[in-house]
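For reference, the structure is listed below as structure tokens.
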Amino acid sequence: MGSAIRFTGTGPGAHTQDGCAVELYRRLPADGEAEMVATVVPAGGSILELGSGPGRVTHALAALGYAVTAVDNSADMLAHVRGAETVQADIEDLDLGRSFDAALLASTLINFPDARTRAALLAACRRHVRPGGAALIERRNPDTFATLRPGPAGEEAGIRHIIESVRHEGRLAHIVLRSEAADAVWTQSFTCELIDDEQLAEALATAGLRLVHWLDPPRRWALAEPM
């Protein structure tokens, strides 16, 4: 993202401006995002994936028959994307001059700790969603935000995630995450902001989007439509 706020990362291989390790994200599997999209976007539809990384979700969407345009500001990330159009750009400044059946803003990008950046992310969604289309937005679960603590944070594809430290500061959480594979270790230091239901609904409305409903019981995935 184009904000002056930057996160940092360590470990082997290339890293993005926000400290994401390309090789780590290349190894991580999809987590049901494509199947969730399929519940609201007709088969064969067009999807603008904002912040695609190396194609973790892109490839799953393409396998379901969607026409995906993958956007990321890291050429190193986009080099791993297959079966989709790729666009290297900051999401906030993106204006492709065309619309899609859906815009996907995953990876909890909406929890970025800067209101102007969040507004720009949602504005990019709105710019690119056709009338009758949808924006799907993933946030961190607000009910568990305050309980984030150091310790194990799950395992996927043989990679263990451990929260090394958490410092809560009002609505902010400053986190250091360690990811361990058999042959490599990566860390990322980042900050996220609590986004509750009311705050998200207001931000969506400001961007010209209306919150329709939540797609999952934990209320992590929001479905919005153009006003």
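Roughly how many debye, to the nearest 20, is the charge dipole of the chain about its Cα centre, given +1 on each Lys and Arg Cβ, -1 on each Asp and Glu Cβ, and no other charges? Display every interim value, and only then the final one.
Details: 21 positive and 30 negative charges, 20 e Å.
It comes to approximately 100 debye.
Give the percent of DSSP beta bridges with both residues in region 1-113 that are antiparallel, rounded to the nearest 5. Could you put the intermediate results ahead of the total?
Numbers: 1 of 14 bridges.
So the antiparallel bridges in region 1-113 amount to around 5 percent.
Could you work out the local net charge near Ser99, counting Lys and Arg as +1, Asp and Glu as -1, over the other residues with Cβ closer than 9 Å to its Cβ? Surrounding charge for Ser99 is +2. In terms of its Cα atoms, region 148-190 spans 36, 15, 12 Å along the principal axes, sorted from long to short.
Kindly state, as a whole number, the per residue volume in cubic angstrom of the convex hull around the alpha carbon atoms of region 79-119. Walk me through the numbers before you get to the answer.
On the way: hull volume 4.8 nm³, N = 41.
In region 79-119, the Cα convex hull volume per residue is 116 Å³.
Which percent, nearest 5, of DSSP beta bridges in the chain are antiparallel? It would help to have the intermediate numbers written out before the result.
Details: 35 of 53 bridges.
Roughly 65 percent of the beta bridges in the chain run antiparallel, per DSSP.
For the options Arg26, Arg139, Arg118, a Gaussian network treatment of the chain with springs between C-alpha atoms closer than 10 Å singles out Arg26 as fluctuating the most.
By the helix-only formula, in which each DSSP H run with n ≥ 4 contributes -39500 (n - 2.57) and the sum is divided by residues, the chain has a 222 nm mean residue ellipticity of -5500 deg cm²/dmol.
Max-minus-min Cα coordinates of region 75-144 on each principal axis give 37, 33, 21 Å, with the largest extent listed first. In region 36-106 the Cα-Cα distances spread across 10 Å bins starting at 0 as 22, 58, 20, 0 percent of all pairs.
3J(HN,Hα) along region 173-185, derived from phi through the Karplus expression 6.51 cos²θ - 1.76 cosθ + 1.60 where θ = phi - 60°, amounts to 10, 9, 10, 10, 10, 10, 10, 10, 10, 5, 10, 6, 9 Hz, with x in place of Gly and Pro.
Quick one: in region 188-227, what % of C-alpha pairs are over 11 Å apart? Can you show the working numbers first?
Values: 520 of 780 pairs.
When every Cα pair of region 188-227 is considered, 67 percent fall beyond 11 Å.
Under conditions of 37 °C and 0.692 mPa s, the chain yields 184 µm² s⁻¹ as its translational diffusion coefficient, taking Rh as the Kirkwood radius over Cα pairs in the Stokes-Einstein equation.
For region 63-74, 3J(HN,Hα) computed residue by residue from phi via the Karplus equation (6.51, -1.76, 1.60; θ = phi - 60°) reads 5, 8, x, 7, 8, 9, 10, 9, 10, 7, 8, 10 Hz, glycine and proline entered as x. Evaluating 6.51 cos²θ - 1.76 cosθ + 1.60 at θ = phi - 60° for every residue in region 148-155, the Karplus couplings come out as 4, 9, x, x, x, 10, x, 9 Hz, glycine and proline recorded as x.
The Cα trace of region 167-214 gives Rg and Dmax of 16.4, 46 Å, the first to one decimal, the second as a whole number.
Laboratory data are not the source of any read-out in this text; all were calculated from the coordinates shown. What you are looking at is a predicted structure, and each value in this text was computed from that prediction instead of being measured. Reconstructed Cβ throughout: ideal geometry from the backbone, glycine too, with neighbour counts over all protein chains shown.
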